Amino acid sequence: MAKHGENKKLKRLNTPNLVSISKKDKVWISKPVPGTHPRNKSISLVVLLRDVLKLAGTSKEANALIKSGKILVDGRVVKENKFPIGYMDLISIPDINMIYFIDLDHKGRFVAKRDDKRKNKLLRLKNRKTLAKDKYQLTFSDGRTLLSNEAYKTGDSLLLSMPDMKIVEHLPLKEGSNCRIIGGTRAGMYGKVKSIVSGSTNSRTKIEVEDETGLSLIHISEPTRPY
């Protein structure tokens, strides 16, 4: 008989390379549910607490911590143990005054960095829709939407306070601006935008990035953002 529906299981050997965990200790691992990040660019909250942050020794302990409502993601309580956690997400535990944000190491893998004063999240503007005169709907890289009176350009990054989503700073994508590659073989690399070549309606913008050594690389707009 044909198989219907998606596979809800995930083997450790098939986890994305951006997740720096042991892949041979056990067979299965918690699979993220659909949400703010694609499954190939995220890990489940229970895996983050148990295998990355080491705040729980077992999945049972991690699940109990999540179900108790003590874990906040981007300033909001999350009780779904398979909630997808991705780049730049804020994970806070108010009871012990701990805040982590998800960053990338030099190999493009997830790394949780502690910053107990961090309240803002950097998001890339993925789409902009004009609703009326001086009224725009902004869609960000994690699926969030925001109404704005400013016509920010697609590809720019905005620093938003969490969870009220107030715009703190605008970081435009332009020649000379600092940026970071967040996808592909050069993920995790910092550089500077050397040139921007606008693509047609059927292709994405190409960006030439110069790294610290002066090497020029061509990347599409998706994995590049100002910082």
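Looking only at segment 180-192, decide whether some residue is over 22 Å from LEU18 (Cβ atoms), open to solvent by 20 Å² or more (accessible area, probe 1.4 Å) and outside any helix (DSSP H, G or I).
yes
List the pairs whose first member sits in segment 200-213 and is assigned to a loop (DSSP other than H, G, I, E, B), whose second member is modelled with pLDDT under 70 and open to solvent by less than 50 Å² (accessible area, probe 1.4 Å), and whose Cβ atoms are under 6 Å apart, counting only residues at least 6 apart or on separate chains?
ARG204/SER221; THR205/GLY199; THR205/SER221
Wholly within segment 69-127, which strands (runs of 3 or more DSSP E) include no fewer than the required count, namely at least 2 residues that are of a type outside the set (Ser, Thr, Tyr), open to solvent by less than 30 Å² (accessible area, probe 1.4 Å) and touching a Ser or Thr at 6+ places or on another chain (Cβ under 9 Å)?
98-104
Being in contact with a Phe, Trp or Tyr (Cβ under 9 Å, 6 or more places away or on another chain) and open to solvent by less than 50 Å² (accessible area, probe 1.4 Å) is the filter here, so list the residues in segment 137-150 that pass it.
Result: LEU138, SER141, ASP142, LEU146, SER148.
Could you tell me whether any residue of segment 160-174 is in contact (Cβ under 8 Å) with a residue 60 or more places away in the chain, in a strand (DSSP E or B) and either surrounded by fewer than 18 Cβ atoms within 10 Å (Cβ to Cβ) or of a type outside the set (Lys, Arg) (or both)?
There is no residue in segment 160-174 that is in contact (Cβ under 8 Å) with a residue 60 or more places away in the chain, in a strand (DSSP E or B) and either surrounded by fewer than 18 Cβ atoms within 10 Å (Cβ to Cβ) or of a type outside the set (Lys, Arg) (or both).
Taking segment 46-65, which residues are in contact with a helix residue (DSSP H, G or I) (Cβ under 6 Å, 6 or more places away or on another chain) and either open to solvent by less than 20 Å² (accessible area, probe 1.4 Å) or on the phi > 0 side of the Ramachandran plot (or both)?
Correct list: VAL46, LEU49, ALA56, ALA62.
When LYS67 is evaluated against the numbered criteria (1) at pLDDT below 90; (2) over 17 Å from the mean Cα position of the chain (by Cα); (3) closer than 27 Å to LYS119 by Cβ; (4) among the basic types (Lys, Arg), which criterion, by number, is the only one it fails?
Just one mismatch for LYS67, condition (1).
Being under 22 Å from ARG39 (Cα atoms) and in contact with an Asp or Glu (Cβ under 6 Å, 6 or more places away or on another chain) is the requirement here; does ILE102 meet it?
Taking the combined requirement at face value, the residue satisfies it.
Is it the case that some residue within segment 191-207 is within 19 Å of LEU123 (Cα to Cα), of a type outside the set (Gly, Ala, Ser) and modelled with pLDDT of 85 or more?
Yes: segment 191-207 contains one or more residues that are within 19 Å of LEU123 (Cα to Cα), of a type outside the set (Gly, Ala, Ser) and modelled with pLDDT of 85 or more.
Can you find a residue in segment 210-219 that is open to solvent by 30 Å² or more (accessible area, probe 1.4 Å), at pLDDT 80 or above, among the aliphatic types (A, V, I, L, M) and out of contact with any helix residue (DSSP H, G or I) (no Cβ under 8 Å at 6 or more places or on another chain)?
no
The values are calculated or read from the model by the stated rules, or taken from the named source; none is laboratory data. Given the structure is predicted, the values throughout are model-derived calculations rather than measurements. In this analysis, Cβ positions are derived from the backbone assuming ideal geometry, glycine residues included, and neighbour counts consider all displayed protein chains. Ligands, DNA and RNA are stripped out before the accessible areas are found, and what is left, the full protein with its side chains, is counted by its heavy atoms. Shrake-Rupley method; radii C 1.70, N 1.55, O 1.52, S 1.80 Å.
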